[in-house]
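The next block holds one structure in the form of C-alpha cells; read it before the comments.
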C-alpha cells in the first residue's frame, strides 16, 4: 500500500470530508476509501468510453485524409 500526500483548496477538502462522512461515517479510513472508490469509478467510466469508441470505429470506420492515411504535412491537411 502506498502513501500519498496531497494539497487541495478548502472547498474541495470540505466536500471530500462531507462525502466520506456521508458514505462511511466517522471511520478512520473513510477519506481513503472515498478517494479509492472515486478513482475506480472514474477508471471504469473511462474504460467503458474507450470500448464504446472502439465499437463505433469498428461499425463505421472513418477514413482520414487521402486513402485513409494520416496527413504528414500541414499542407495535406488543408488541401482540397
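Give me a count of the residues in the range 37-61 that are within 25 Å of residue 7 (Cα to Cα) and exposed (fewer than 10 other Cβ atoms within 10 Å of the Cβ). Number satisfying all stated conditions: 0.
Does residue 34 count as in a helix (DSSP H, G or I), surrounded by 12 or more Cβ atoms within 10 Å (Cβ to Cβ) and under 21 Å from the mean Cα position of the chain (by Cα)? Spelling it out, residue 34 is indeed in a helix (DSSP H, G or I), surrounded by 12 or more Cβ atoms within 10 Å (Cβ to Cβ) and under 21 Å from the mean Cα position of the chain (by Cα).
Each value in this text was obtained by applying a stated rule to the coordinates, not by laboratory testing. As the structure is a computational prediction, the values presented were derived from the model and not from experiment. Methodologically, a virtual Cβ is constructed for each residue, glycine included, from the backbone with ideal geometry; neighbour enumeration extends over all protein chains shown.
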